[in-house]
Amino acid sequence: MKYRAMEKLGLKPSAFGLGCMRFNGAASGDSIIDEQKAISLIRRAIDGGVNYLDTAYTYLDKTSEIVVGKALLDGYRDKVTIATKMPLGAVKDRASMEAVLAEQLGKLRTDHIDFYLMHGLDKKEWESFKAIGAPEFFEDMKREGKIRFKCFSFHGPYEDFEYILNDYDWDMVQIQYNFMDIDNQAGTKGLKLAGEKGIPVVIMEGLLGGRLSKAPDNVQALYDEFPVKRSAVEWAFRWLCNHPEVSVVLSGCNEAVQIDENLKIFDSVEPGIMDDEELKLMENVRKAYLDRTKIGCTGCKYCMPCPNDVNIPGIFSSWNNISLYDLDPANDWGLKRIRENNSGADKCIACGACEAACPQGLQIIDMLQQAWEEMN
Ligand SMILES: NC(=O)c1ccc[n+]([C@@H]2O[C@H](COP(=O)([O-])OP(=O)(O)OC[C@H]3O[C@@H](n4cnc5c(N)ncnc54)[C@H](OP(=O)(O)O)[C@@H]3O)[C@@H](O)[C@H]2O)c1
(Lines give C-alpha, C1' and ligand atoms only; values in the text may rest on other atoms or scores of the structure.)
Protein backbone atom coordinates (compact mmCIF):
# COMPACT_ATOMS: atom_id res chain seq x y z
CA MET A 1 0.00 0.00 0.00
CA LYS A 2 1.24 3.46 -0.89
CA TYR A 3 0.71 6.16 1.75
CA ARG A 4 0.48 9.83 0.79
CA ALA A 5 1.32 12.77 3.00
CA MET A 6 -1.42 15.11 4.20
CA GLU A 7 1.26 17.60 5.15
CA LYS A 8 -1.07 20.20 6.64
CA LEU A 9 -2.48 17.57 9.03
CA GLY A 10 0.67 15.58 9.74
CA LEU A 11 -1.00 12.36 8.54
CA LYS A 12 -0.08 9.60 6.10
CA PRO A 13 -3.34 8.10 4.85
CA SER A 14 -3.44 5.07 2.58
CA ALA A 15 -3.92 6.05 -1.06
CA PHE A 16 -6.87 3.60 -1.12
CA GLY A 17 -9.64 4.67 1.26
CA LEU A 18 -12.57 2.32 1.73
CA GLY A 19 -15.95 3.85 0.85
CA CYS A 20 -18.73 2.43 3.03
CA MET A 21 -21.73 3.53 0.97
CA ARG A 22 -22.44 0.58 -1.29
CA PHE A 23 -21.85 -2.72 0.50
CA ASN A 24 -23.55 -5.76 -1.02
CA GLY A 25 -24.64 -3.80 -4.04
CA ALA A 26 -26.73 -1.49 -1.87
CA ALA A 27 -26.60 2.25 -2.56
CA SER A 28 -27.12 5.21 -0.27
CA GLY A 29 -30.89 4.79 0.08
CA ASP A 30 -30.90 1.06 0.89
CA SER A 31 -30.18 -0.55 4.24
CA ILE A 32 -27.37 -3.02 4.75
CA ILE A 33 -28.15 -6.54 3.52
CA ASP A 34 -25.37 -8.68 4.94
CA GLU A 35 -23.72 -7.13 8.00
CA GLN A 36 -21.21 -9.91 8.60
CA LYS A 37 -20.01 -9.70 5.00
CA ALA A 38 -19.62 -5.92 5.23
CA ILE A 39 -17.64 -6.24 8.48
CA SER A 40 -15.37 -8.83 6.94
CA LEU A 41 -14.78 -6.60 3.86
CA ILE A 42 -13.85 -3.65 6.09
CA ARG A 43 -11.42 -5.73 8.14
CA ARG A 44 -9.94 -7.31 5.01
CA ALA A 45 -9.16 -3.83 3.67
CA ILE A 46 -7.61 -2.73 6.98
CA ASP A 47 -5.55 -5.92 7.24
CA GLY A 48 -4.29 -5.13 3.72
CA GLY A 49 -3.07 -1.66 4.74
CA VAL A 50 -6.10 0.64 4.35
CA ASN A 51 -6.16 3.19 7.16
CA TYR A 52 -8.91 5.53 5.90
CA LEU A 53 -12.65 4.71 6.03
CA ASP A 54 -15.38 6.93 4.62
CA THR A 55 -18.96 6.71 5.83
CA ALA A 56 -21.88 9.09 6.48
CA TYR A 57 -24.92 9.45 8.73
CA THR A 58 -27.27 8.76 5.81
CA TYR A 59 -25.48 5.87 4.06
CA LEU A 60 -27.28 2.55 3.75
CA ASP A 61 -30.40 3.94 5.34
CA LYS A 62 -28.36 5.11 8.39
CA THR A 63 -26.84 1.65 8.97
CA SER A 64 -23.37 2.25 7.49
CA GLU A 65 -21.97 3.96 10.62
CA ILE A 66 -23.29 1.12 12.79
CA VAL A 67 -21.54 -1.50 10.66
CA VAL A 68 -18.31 0.52 10.58
CA GLY A 69 -18.50 0.80 14.40
CA LYS A 70 -18.85 -2.97 14.74
CA ALA A 71 -16.04 -3.63 12.26
CA LEU A 72 -13.74 -1.40 14.29
CA LEU A 73 -14.08 -3.43 17.51
CA ASP A 74 -11.29 -5.80 18.53
CA GLY A 75 -8.53 -3.19 18.14
CA TYR A 76 -9.35 -2.11 14.58
CA ARG A 77 -10.35 1.45 15.61
CA ASP A 78 -6.73 2.29 16.43
CA LYS A 79 -5.59 1.28 12.95
CA VAL A 80 -7.74 3.74 11.00
CA THR A 81 -8.93 7.29 10.61
CA ILE A 82 -12.71 7.65 10.20
CA ALA A 83 -14.36 10.19 7.94
CA THR A 84 -18.08 10.71 8.44
CA LYS A 85 -20.52 13.44 7.54
CA MET A 86 -22.95 15.79 9.18
CA PRO A 87 -26.36 15.31 7.49
CA LEU A 88 -27.25 18.86 6.52
CA GLY A 89 -30.96 18.08 6.19
CA ALA A 90 -31.16 16.79 9.77
CA VAL A 91 -29.61 19.74 11.61
CA LYS A 92 -31.09 23.21 12.10
CA ASP A 93 -29.36 24.65 15.18
CA ARG A 94 -26.55 24.07 17.66
CA ALA A 95 -28.58 21.60 19.74
CA SER A 96 -29.39 19.37 16.75
CA MET A 97 -25.77 19.48 15.55
CA GLU A 98 -24.65 18.32 19.00
CA ALA A 99 -27.32 15.60 19.12
CA VAL A 100 -26.42 14.24 15.68
CA LEU A 101 -22.70 14.18 16.45
CA ALA A 102 -23.37 12.37 19.76
CA GLU A 103 -25.48 9.81 17.88
CA GLN A 104 -22.71 9.30 15.31
CA LEU A 105 -20.05 8.80 17.99
CA GLY A 106 -22.32 6.20 19.60
CA LYS A 107 -22.98 4.34 16.36
CA LEU A 108 -19.28 4.38 15.47
CA ARG A 109 -18.37 3.28 19.03
CA THR A 110 -15.63 5.87 19.27
CA ASP A 111 -14.85 8.99 21.31
CA HIS A 112 -13.75 11.00 18.28
CA ILE A 113 -14.24 11.32 14.54
CA ASP A 114 -11.10 12.12 12.59
CA PHE A 115 -12.57 13.84 9.53
CA TYR A 116 -15.97 15.47 10.07
CA LEU A 117 -17.49 16.66 6.80
CA MET A 118 -20.43 18.86 6.00
CA HIS A 119 -22.14 16.47 3.59
CA GLY A 120 -22.65 17.60 -0.01
CA LEU A 121 -22.29 21.29 0.83
CA ASP A 122 -23.28 24.00 -1.64
CA LYS A 123 -22.89 27.78 -1.43
CA LYS A 124 -26.46 28.46 -0.27
CA GLU A 125 -26.24 25.81 2.45
CA TRP A 126 -22.85 27.09 3.55
CA GLU A 127 -24.32 30.57 4.07
CA SER A 128 -27.24 29.22 6.07
CA PHE A 129 -24.99 26.94 8.14
CA LYS A 130 -22.72 29.87 8.91
CA ALA A 131 -25.81 31.70 10.13
CA ILE A 132 -26.68 28.92 12.60
CA GLY A 133 -23.10 28.73 13.92
CA ALA A 134 -21.72 25.64 12.18
CA PRO A 135 -18.14 27.04 11.99
CA GLU A 136 -18.16 27.74 15.76
CA PHE A 137 -19.61 24.27 16.37
CA PHE A 138 -16.76 22.71 14.36
CA GLU A 139 -14.16 24.75 16.29
CA ASP A 140 -15.69 23.84 19.65
CA MET A 141 -15.91 20.12 18.81
CA LYS A 142 -12.29 20.24 17.66
CA ARG A 143 -11.25 21.84 20.97
CA GLU A 144 -13.21 19.22 22.90
CA GLY A 145 -11.49 16.46 20.90
CA LYS A 146 -14.73 15.07 19.45
CA ILE A 147 -13.58 15.80 15.90
CA ARG A 148 -10.05 16.25 14.61
CA PHE A 149 -10.51 17.92 11.22
CA LYS A 150 -13.11 20.27 9.71
CA CYS A 151 -14.04 19.25 6.20
CA PHE A 152 -16.75 19.26 3.53
CA SER A 153 -17.79 17.06 0.64
CA PHE A 154 -18.91 18.65 -2.57
CA HIS A 155 -20.99 17.91 -5.70
CA GLY A 156 -21.90 21.41 -6.91
CA PRO A 157 -20.53 23.74 -9.60
CA TYR A 158 -16.90 24.96 -9.55
CA GLU A 159 -17.88 28.55 -8.63
CA ASP A 160 -19.50 27.33 -5.39
CA PHE A 161 -16.48 25.17 -4.65
CA GLU A 162 -14.08 28.10 -5.02
CA TYR A 163 -16.26 30.30 -2.80
CA ILE A 164 -16.63 27.73 0.00
CA LEU A 165 -12.98 26.70 -0.12
CA ASN A 166 -11.78 30.31 0.19
CA ASP A 167 -14.31 31.24 2.86
CA TYR A 168 -13.09 29.11 5.78
CA ASP A 169 -10.02 27.38 7.18
CA TRP A 170 -10.85 23.86 5.96
CA ASP A 171 -8.62 20.90 6.88
CA MET A 172 -9.68 18.64 4.00
CA VAL A 173 -12.12 18.52 1.10
CA GLN A 174 -13.79 15.55 -0.63
CA ILE A 175 -14.70 15.88 -4.30
CA GLN A 176 -16.03 13.67 -7.09
CA TYR A 177 -13.25 13.21 -9.63
CA ASN A 178 -12.24 10.73 -12.32
CA PHE A 179 -11.05 10.92 -15.92
CA MET A 180 -14.62 11.58 -17.11
CA ASP A 181 -15.25 14.43 -14.63
CA ILE A 182 -12.33 16.73 -15.37
CA ASP A 183 -14.68 19.59 -16.28
CA ASN A 184 -17.58 18.57 -14.05
CA GLN A 185 -18.28 19.83 -10.48
CA ALA A 186 -15.02 20.92 -8.75
CA GLY A 187 -13.11 19.28 -11.63
CA THR A 188 -9.42 19.65 -12.33
CA LYS A 189 -9.62 23.38 -11.59
CA GLY A 190 -10.97 22.67 -8.09
CA LEU A 191 -8.40 19.97 -7.44
CA LYS A 192 -5.58 22.35 -8.39
CA LEU A 193 -7.02 25.17 -6.29
CA ALA A 194 -7.13 22.94 -3.19
CA GLY A 195 -3.58 21.81 -3.98
CA GLU A 196 -2.34 25.42 -4.20
CA LYS A 197 -3.90 26.15 -0.82
CA GLY A 198 -2.30 23.06 0.70
CA ILE A 199 -5.70 21.52 1.51
CA PRO A 200 -5.69 17.72 1.23
CA VAL A 201 -8.15 16.28 -1.29
CA VAL A 202 -10.04 12.99 -0.95
CA ILE A 203 -11.60 11.59 -4.12
CA MET A 204 -15.02 9.95 -4.34
CA GLU A 205 -16.62 8.23 -7.34
CA GLY A 206 -13.22 7.48 -8.84
CA LEU A 207 -14.86 4.71 -10.87
CA LEU A 208 -18.05 6.72 -11.38
CA GLY A 209 -19.92 4.38 -9.08
CA GLY A 210 -18.38 1.33 -10.81
CA ARG A 211 -19.20 2.34 -14.40
CA LEU A 212 -15.55 2.87 -15.32
CA SER A 213 -14.68 -0.66 -14.19
CA LYS A 214 -16.47 -2.25 -17.14
CA ALA A 215 -14.99 -0.97 -20.41
CA PRO A 216 -17.31 -1.08 -23.45
CA ASP A 217 -15.89 -2.54 -26.67
CA ASN A 218 -14.55 0.68 -28.16
CA VAL A 219 -12.82 1.57 -24.88
CA GLN A 220 -11.49 -1.93 -24.29
CA ALA A 221 -10.01 -1.86 -27.81
CA LEU A 222 -7.94 1.17 -26.78
CA TYR A 223 -6.75 -0.54 -23.59
CA ASP A 224 -5.92 -3.70 -25.59
CA GLU A 225 -3.88 -1.79 -28.17
CA PHE A 226 -1.69 -0.27 -25.47
CA PRO A 227 1.63 -2.11 -25.04
CA VAL A 228 1.25 -2.47 -21.24
CA LYS A 229 -1.85 -4.44 -20.21
CA ARG A 230 -3.89 -3.19 -17.24
CA SER A 231 -7.51 -3.57 -16.15
CA ALA A 232 -9.94 -0.69 -16.62
CA VAL A 233 -10.03 -0.29 -12.82
CA GLU A 234 -6.24 -0.01 -12.66
CA TRP A 235 -6.17 2.58 -15.43
CA ALA A 236 -8.80 4.69 -13.62
CA PHE A 237 -7.01 4.56 -10.25
CA ARG A 238 -3.59 5.03 -11.84
CA TRP A 239 -4.84 8.17 -13.57
CA LEU A 240 -6.17 9.57 -10.28
CA CYS A 241 -3.05 8.78 -8.27
CA ASN A 242 -0.91 10.39 -10.94
CA HIS A 243 -2.18 13.74 -9.56
CA PRO A 244 0.03 14.98 -6.70
CA GLU A 245 -2.92 16.92 -5.19
CA VAL A 246 -4.84 13.68 -4.53
CA SER A 247 -4.37 12.31 -1.00
CA VAL A 248 -6.88 9.45 -0.84
CA VAL A 249 -8.97 7.72 -3.51
CA LEU A 250 -12.14 6.21 -2.05
CA SER A 251 -13.39 3.00 -3.54
CA GLY A 252 -16.62 1.32 -2.53
CA CYS A 253 -16.13 -2.46 -2.75
CA ASN A 254 -18.82 -5.14 -2.69
CA GLU A 255 -16.65 -8.25 -2.88
CA ALA A 256 -13.38 -9.50 -1.38
CA VAL A 257 -11.96 -9.87 -4.87
CA GLN A 258 -12.44 -6.13 -5.45
CA ILE A 259 -10.69 -5.27 -2.19
CA ASP A 260 -7.80 -7.55 -3.15
CA GLU A 261 -7.49 -6.11 -6.64
CA ASN A 262 -7.55 -2.57 -5.29
CA LEU A 263 -4.97 -3.35 -2.59
CA LYS A 264 -2.68 -4.63 -5.33
CA ILE A 265 -3.24 -1.61 -7.58
CA PHE A 266 -2.58 0.87 -4.76
CA ASP A 267 0.72 -0.88 -4.03
CA SER A 268 2.30 0.75 -7.05
CA VAL A 269 0.52 4.00 -7.94
CA GLU A 270 2.32 7.26 -7.21
CA PRO A 271 2.16 10.92 -8.27
CA GLY A 272 3.71 11.52 -11.68
CA ILE A 273 3.78 7.81 -12.56
CA MET A 274 2.14 8.21 -16.00
CA ASP A 275 4.17 9.08 -19.10
CA ASP A 276 2.91 11.05 -22.13
CA GLU A 277 1.75 7.92 -23.96
CA GLU A 278 -0.34 6.80 -20.99
CA LEU A 279 -1.88 10.25 -20.59
CA LYS A 280 -2.72 10.26 -24.32
CA LEU A 281 -4.37 6.85 -23.94
CA MET A 282 -6.58 8.13 -21.13
CA GLU A 283 -7.60 11.17 -23.17
CA ASN A 284 -8.63 8.85 -26.02
CA VAL A 285 -10.47 6.58 -23.59
CA ARG A 286 -12.38 9.59 -22.32
CA LYS A 287 -13.38 10.58 -25.85
CA ALA A 288 -14.46 7.02 -26.60
CA TYR A 289 -16.73 7.01 -23.54
CA LEU A 290 -18.18 10.41 -24.37
CA ASP A 291 -19.16 9.00 -27.75
CA ARG A 292 -21.33 6.39 -26.01
CA THR A 293 -22.60 7.60 -22.63
CA LYS A 294 -26.24 8.65 -22.61
CA ILE A 295 -26.37 10.35 -19.19
CA GLY A 296 -23.89 10.98 -16.35
CA CYS A 297 -26.07 9.42 -13.60
CA THR A 298 -23.90 7.69 -10.98
CA GLY A 299 -26.77 5.88 -9.25
CA CYS A 300 -26.27 7.75 -5.96
CA LYS A 301 -30.10 7.78 -5.44
CA TYR A 302 -30.11 11.30 -4.04
CA CYS A 303 -33.14 11.86 -6.34
CA MET A 304 -35.14 9.15 -4.56
CA PRO A 305 -37.76 8.51 -3.40
CA CYS A 306 -39.69 9.96 -6.36
CA PRO A 307 -43.10 11.20 -5.16
CA ASN A 308 -44.71 9.34 -8.07
CA ASP A 309 -42.62 6.15 -7.73
CA VAL A 310 -40.60 6.58 -10.94
CA ASN A 311 -37.42 4.50 -10.64
CA ILE A 312 -35.16 7.31 -11.89
CA PRO A 313 -31.70 5.74 -11.27
CA GLY A 314 -32.94 2.38 -12.58
CA ILE A 315 -34.18 3.88 -15.86
CA PHE A 316 -30.94 5.82 -16.40
CA SER A 317 -28.82 2.84 -15.45
CA SER A 318 -30.60 0.68 -18.04
CA TRP A 319 -30.36 3.42 -20.66
CA ASN A 320 -26.60 3.77 -20.10
CA ASN A 321 -25.96 0.03 -19.92
CA ILE A 322 -27.93 -0.62 -23.09
CA SER A 323 -25.96 2.07 -24.91
CA LEU A 324 -22.57 1.08 -23.48
CA TYR A 325 -22.91 -2.64 -24.21
CA ASP A 326 -25.17 -2.62 -27.26
CA LEU A 327 -27.80 -4.61 -25.35
CA ASP A 328 -31.28 -5.43 -26.62
CA PRO A 329 -33.65 -3.50 -24.29
CA ALA A 330 -35.95 -6.54 -24.25
CA ASN A 331 -33.21 -8.50 -22.47
CA ASP A 332 -32.35 -5.90 -19.85
CA TRP A 333 -33.47 -7.28 -16.48
CA GLY A 334 -33.43 -3.87 -14.80
CA LEU A 335 -35.82 -2.46 -17.37
CA LYS A 336 -38.03 -5.57 -17.10
CA ARG A 337 -38.29 -5.07 -13.34
CA ILE A 338 -39.10 -1.39 -13.76
CA ARG A 339 -41.97 -2.31 -16.07
CA GLU A 340 -43.20 -5.06 -13.70
CA ASN A 341 -43.13 -2.60 -10.77
CA ASN A 342 -44.95 0.05 -12.79
CA SER A 343 -42.15 2.52 -12.03
CA GLY A 344 -41.42 3.71 -15.57
CA ALA A 345 -40.96 7.25 -16.89
CA ASP A 346 -44.58 7.24 -18.13
CA LYS A 347 -45.53 7.93 -14.49
CA CYS A 348 -43.45 11.13 -14.27
CA ILE A 349 -45.54 14.25 -13.50
CA ALA A 350 -42.57 16.65 -13.98
CA CYS A 351 -42.72 17.97 -10.39
CA GLY A 352 -38.93 18.60 -10.43
CA ALA A 353 -38.15 17.26 -6.92
CA CYS A 354 -35.51 14.97 -8.45
CA GLU A 355 -33.73 17.78 -10.32
CA ALA A 356 -33.41 19.83 -7.13
CA ALA A 357 -31.76 16.89 -5.34
CA CYS A 358 -29.44 15.59 -8.08
CA PRO A 359 -25.73 16.17 -7.19
CA GLN A 360 -24.86 15.89 -10.89
CA GLY A 361 -27.29 18.67 -11.90
CA LEU A 362 -28.95 16.41 -14.47
CA GLN A 363 -32.03 17.56 -16.40
CA ILE A 364 -33.87 14.51 -15.20
CA ILE A 365 -37.39 15.31 -16.44
CA ASP A 366 -36.46 15.66 -20.14
CA MET A 367 -33.90 12.88 -20.04
CA LEU A 368 -36.39 10.42 -18.52
CA GLN A 369 -38.78 10.93 -21.43
CA GLN A 370 -35.98 10.59 -23.98
CA ALA A 371 -34.70 7.42 -22.31
CA TRP A 372 -38.17 5.89 -22.11
CA GLU A 373 -38.92 6.57 -25.77
CA GLU A 374 -35.58 5.11 -26.92
CA MET A 375 -35.88 1.99 -24.79
CA ASN A 376 -39.46 1.29 -25.83
N1 LIG B 1 -19.99 12.75 0.12
C2 LIG B 1 -20.73 12.41 -0.89
O3 LIG B 1 -21.60 13.18 -1.29
C4 LIG B 1 -20.47 11.08 -1.55
C5 LIG B 1 -21.10 10.74 -2.74
C6 LIG B 1 -20.74 9.56 -3.35
C7 LIG B 1 -19.79 8.75 -2.74
N8 LIG B 1 -19.21 9.07 -1.58
C9 LIG B 1 -18.20 8.22 -0.91
O10 LIG B 1 -17.22 7.84 -1.80
C11 LIG B 1 -17.13 6.41 -1.81
C12 LIG B 1 -16.73 5.96 -3.17
O13 LIG B 1 -17.76 6.30 -4.08
P14 LIG B 1 -18.37 5.19 -4.94
O15 LIG B 1 -18.93 4.07 -4.09
O16 LIG B 1 -19.28 5.87 -5.87
O17 LIG B 1 -17.02 4.62 -5.58
P18 LIG B 1 -16.56 4.14 -6.96
O19 LIG B 1 -15.22 3.64 -6.66
O20 LIG B 1 -16.71 5.13 -8.03
O21 LIG B 1 -17.55 2.95 -7.29
C22 LIG B 1 -17.76 1.85 -6.45
C23 LIG B 1 -18.04 0.64 -7.31
O24 LIG B 1 -16.87 0.35 -8.04
C25 LIG B 1 -16.83 -1.03 -8.31
N26 LIG B 1 -15.50 -1.53 -7.98
C27 LIG B 1 -14.68 -1.16 -6.98
N28 LIG B 1 -13.53 -1.84 -7.05
C29 LIG B 1 -13.60 -2.65 -8.12
C30 LIG B 1 -12.74 -3.59 -8.72
N31 LIG B 1 -11.53 -3.82 -8.24
N32 LIG B 1 -13.17 -4.24 -9.81
C33 LIG B 1 -14.38 -4.00 -10.34
N34 LIG B 1 -15.24 -3.12 -9.82
C35 LIG B 1 -14.86 -2.45 -8.73
C36 LIG B 1 -17.96 -1.67 -7.53
O37 LIG B 1 -18.97 -1.82 -8.51
P38 LIG B 1 -20.02 -3.03 -8.59
O39 LIG B 1 -21.18 -2.53 -7.79
O40 LIG B 1 -20.32 -3.11 -10.03
O41 LIG B 1 -19.39 -4.23 -8.00
C42 LIG B 1 -18.36 -0.61 -6.54
O43 LIG B 1 -19.71 -0.63 -6.21
C44 LIG B 1 -18.47 5.92 -1.33
O45 LIG B 1 -18.45 4.61 -0.84
C46 LIG B 1 -18.78 6.95 -0.30
O47 LIG B 1 -18.12 6.57 0.88
C48 LIG B 1 -19.52 10.24 -1.00
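Given the criteria farther than 18 Å from Q176 by Cβ and at pLDDT 95 or above, does F266 qualify? For F266, the condition - farther than 18 Å from Q176 by Cβ and at pLDDT 95 or above - is met. May I ask you to say which residue of G120, G89 is within 14 Å of the ligand (Cβ to nearest atom), part of a helix (DSSP H, G or I) and in the same structural domain as T55 (by TED's automatic domain parsing)? From the options G120, G89, the qualifying one is G89.
Kindly evaluate K8 against the criterion of being within 15 Å of the ligand (Cβ to nearest atom) and either out of contact with any strand residue (DSSP E or B) (no Cβ under 9 Å at 6 or more places or on another chain) or modelled with pLDDT under 95 (or both). Steps first, answer last, please.
On the way: within 15 Å of the ligand (Cβ to nearest atom): no; either out of contact with any strand residue (DSSP E or B) (no Cβ under 9 Å at 6 or more places or on another chain) or modelled with pLDDT under 95 (or both): yes.
For K8, the condition - within 15 Å of the ligand (Cβ to nearest atom) and either out of contact with any strand residue (DSSP E or B) (no Cβ under 9 Å at 6 or more places or on another chain) or modelled with pLDDT under 95 (or both) - is not met.
Screening the candidates N178, N184 for the property of being in contact (Cβ under 8 Å) with a residue 40 or more places away in the chain, within 30 Å of F237 (Cβ to Cβ) and surrounded by fewer than 21 Cβ atoms within 10 Å (Cβ to Cβ) yields one hit, N184. Scanning region 166-191 for residues that are more than 19 Å from the chain's Cα centre (by Cα) and not in a loop (DSSP other than H, G, I, E, B) turns up just one, N166. List every residue pair whose Cβ atoms lie under 8 Å apart, where the two residues are 6 or more positions apart in sequence or sit on different chains, the first residue falls within region 68-86 and is closer than 22 Å to F137 by Cβ and in the same structural domain as N51 (by TED's automatic domain parsing), and the second residue, located anywhere, is part of a helix (DSSP H, G or I) and hydroxyl-bearing (S, T, Y). Note: no pairs meet the criteria.
Kindly provide the set of residues from region 187-219 that are more than 14 Å from the ligand (Cβ to nearest atom), free of Cβ contacts under 8 Å to residues at least 40 places away in the same chain and at negative phi, ordered by number.
Taking region 187-219 and keeping what is more than 14 Å from the ligand (Cβ to nearest atom), we get 187-200, 216-219.
Subset that is free of Cβ contacts under 8 Å to residues at least 40 places away in the same chain: 187-190, 193, 196-197.
Passing the criteria: T188, K189, G190, L193, E196, K197.
Do you know which residues across region 25-55 are surrounded by fewer than 24 Cβ atoms within 10 Å (Cβ to Cβ), under 16 Å from the mean Cα position of the chain (by Cα) and either assigned to a helix (DSSP H, G or I) or at pLDDT 95 or above (or both)? Across region 25-55, the qualifying residue is only G25.
The values are calculated or read from the model by the stated rules, or taken from the named source; none is laboratory data. What you see is a predicted model; the values in this text were computed from it and never measured. Because the Cβ atoms are built from the backbone with ideal geometry, glycine has one as well, and the counts that use them run over all protein chains shown.
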